[in-house]
Every structure is written in structure tokens, then in C-alpha cells.
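The values are calculated or read from the model by the stated rules, or taken from the named source; none is laboratory data. Please read all numbers here as calculations on a predicted model, not as lab measurements. Cβ placement follows ideal geometry from the backbone for every residue including glycine, while neighbour counts extend to all protein chains displayed. The protein model used for the area step is the full one, side chains on, heavy atoms only, and it has no ligands, DNA or RNA in it. Shrake-Rupley method; radii C 1.70, N 1.55, O 1.52, S 1.80 Å.
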Amino acid sequence: MMNTQITIPEENHSSWLNTPDPKIFLENAEKFNNLMMMYRCTIREIQTKLEVLDDEFSVQYKRNPISFIKTRIKSPQSIYRKLEKNGYDFTPQSIHDHLNDVAGIRVVCAFVDDIYTIADLLASQDDITVVNIKDYIKNPKPNGYRSYHMIVEIPIFFSKGKTPMRAEIQIRTNGMDFWATLEHQLRYKQGIEKMDGYEIISEELLRCAKSMHNMDNEMQSIKNKIGQFHDI
Ligand code: 0O2
């Protein structure tokens, strides 16, 4: 369990930012900073696990299944919006209890089968608990989004003891990442739904997602053919 005791202001339970009492405000600000530090540590632990797997692969099979890893801590604005959308208070305790994706790790792989290999190897580690999986590769979103999402829980050892912490791991190919990053910039966050020609843009994006998917499948089949003769 978390080591931090959270004080929620009596008169306003929705956000500690609204408290008129500077003492309570500062106490909660410190707890918020502390919590963000805990998420940064969670990212470091998981990133190391992934790097170890990649390193082992490079020695054993002379290739790296992971092209690159990106990490991020969810921004305070994004944390606030998600809690508000789901009807939760904006307090450090509520962030810890209700959000699974404050710590985010994105793993970009060369081939589709690498995604499942990495996911299985992580899931089989006995300090990792898989809380939830969303396989948007087998079940792509209607807009064309493909990626493999895992919510995991992992114990992190701090000076006052062990704390289970959650993180979202998104695993995808280079092609899926290229598409999702552009689509995120173009549409996902910016609410261009109201723009003229939005439907045409959506169709074009979907067509691009399908092309990326075909390309991923072709690359996978080339890898499979080479794999008949070499260990890869
Ligand atoms: P950001 O900026 O990455 O933080 P849940 O957590 O289960 O209540 P949620 O958050 O919708 O619901 O979970 P889901 O479906 O696993 O998606 C979480 C993240 O996946 C998003 O985070 C995006 O990073 C990515 N994602 C999901 N759908 C799309 C999509 O259609 N296009 C793109 N480009 N990315 C997508 P955030 O919090 O929205 O954003």
C-alpha cells in the first residue's frame, strides 16, 4: 500500500488545488511530487527489465527485438482531465487508486511476433502482475489504431517498504508507432472532429493504417522465411 497519508480538505473534496488553507495545499503538493517520483521509479524498473530482455536477445540471436523505448509521466493536466471525466477527485490518493497509466512505457519492435514475445516474457516474470490487456492488434480500433496495451503492477522498494505500482506498457511495431504518433498529433488530442472534411481525413488515416498493417505482415513473412534457415 502507499506510504503517503493524504489529507482531503473537509469543504471541497474535488481537488486539493481549491483548498484555501496553504498548509493543506503544500502538504498535498508534496504528496503529489512524491507520487510522481514513485511513478518515475516504476518506469525505471520496467525499462530495465525490457533492456535486459533486449540485451539477452542480442547475444543469443544477434538481433534486437526492441527498436526503441519511449517513456512518459502523464502530465498534471491530463491526469486532472481523466479523473474529472471518470468522476474522481483530484487528490494524490485518488491518482494512485484510480489511474493505471500515469507511468507510461512504449516499446517499439521490429516485427509483430516480437510484440507478443516481449509481452509474454514480461508477463512471466514473477514480480509482475498483469492487471489488464487490450490487444488492439487483434482487435484494431475503428479508426485503424493498432497497439498491444498491458496494465501491469510491480512492487517498488522504497525506504519505508514495498509499494505496488501500476504502469501502462504499449507495445507496437515501428509502423504502428509511426501511424499512431501522427494520428495522435493530427486528431486524437486536438478535437478536429468538428472540422470540415473530417470524414475524408478519417478515411485517409484508416487507409494509411491498413497499408502499415499490410507492410507489417509482409515484413513478418520475410522474417519467417529467413527464420526457416537461421535462428532469428
Ligand atoms: P496520452 O497522451 O498517451 O496519455 P482506460 O485507461 O482503460 O480507462 P484509456 O485511457 O482510453 O482507458 O485506455 P486505452 O484504450 O488503453 O488507451 C490509452 C492510450 O492509448 C492513450 O492514452 C493513447 O496513448 C493510446 N491510444 C488509444 N487509442 C488511440 C487512438 O485511437 N489513437 C492514438 N494515436 N492513440 C491511442 P491517452 O491517455 O489518451 O493519451
Item to complete: Report, ordered by chain and residue number, the lysines lying within cross-link reach of LYS31, taken as a straight Cα distance under 29 Å and ignoring same-chain residues fewer than 8 apart.
Response: LYS23, LYS49, LYS70, LYS74, LYS82, LYS85, LYS160, LYS162, LYS189
Discussion item. Mean-square fluctuation check for the chain, GNM, Cα pairs under 10 Å: which of THR42, THR173, THR91 is largest?
Written reply: THR91
Worksheet item: Amide H to amide H under 5 Å from SER15: which residues, 5+ apart in sequence or cross-chain, H placed 1.01 Å off N in plane?
Response: PHE90
Item to complete: Could you look at the chain and say what percent of its accessible area is carbon and sulfur, using a 1.4 Å probe and all protein chains?
Response: 53 percent
Worksheet item: Between GLU153 and ASN18, what is the spin-label point distance in nm, taking each point 7 Å from the Cα along the Cα→C-beta axis?
Response: 3.0 nm
Worksheet item: How about the stretch 119-149: which trypsin sites (Lys or Arg not before Pro) there are in a DSSP loop, with at most 12 other Cβ atoms within 10 Å of their Cβ?
Response: LYS138
Practice prompt. For the chain, with a Gaussian network of springs between Cα atoms less than 10 Å apart, report the residue from MET195, MET212, MET38 with the top mean-square fluctuation.
Written response: MET195
Practice prompt. Work out the FRET efficiency for ILE200 and GLN77 from their Cβ-Cβ distance, taking R0 = 35 Å, and round it to the nearest 0.05.
Written response: 0.70
Worksheet, complete the sentence: Kirkwood calc, the stretch 110-232, C-alpha pairs only, radius in angstrom 16.7 Å
Worksheet, complete the sentence: Once phi for every residue in the stretch 113-128 is put through the Karplus expression 6.51 cos²θ - 1.76 cosθ + 1.60 (θ = phi - 60°), the whole-Hz ³J(HN,Hα) values, with Gly and Pro written as x, are 5, 4, 4, 6, 5, 4, 4, 5, 5, 5, 4, 7, 6, 6, 8, 9
Worksheet item: Amide H to amide H under 5 Å from THR71: which residues, 5+ apart in sequence or cross-chain, H placed 1.01 Å off N in plane?
Response: ARG106
Worksheet item: What percent antiparallel are the DSSP beta bridges of the chain, to the nearest 5?
Response: 75 percent
Worksheet item: Heavy-atom accessible area of HIS98 with all protein chains present, probe 1.4 Å, nearest 10 Å²?
Response: 80 Å²
Item to complete: With the convex hull built on the Cα atoms of the chain, state its orientation-averaged projected area in nm².
Response: 15.2 nm²
Worksheet entry | Selected from GLU193, GLU153, GLU218 as most flexible by GNM, with the chain as the system and alpha-carbon contacts under 10 Å | GLU193
Fill in: Value of [θ]222 nm, deg cm²/dmol, for the chain, DSSP H segments ≥ 4, -39500 (n - 2.57) each, nearest 500
-16000 deg cm²/dmol
Fill in: Loop sites in the stretch 24-86: trypsin sites (Lys or Arg not before Pro), DSSP, at most 15 other Cβ within 10 Å
LYS62, ARG63
Practice prompt. Using the heavy atoms of the protein chains and a 1.4 angstrom probe, tell me the accessible area per residue for the chain in square angstrom.
Written response: 58 Å²
Worksheet entry | In sequence order, calculated HN-Hα J values of the stretch 21-26 (Karplus, 6.51, -1.76, 1.60; Hz; x Gly/Pro) | 8, x, 5, 5, 4, 5
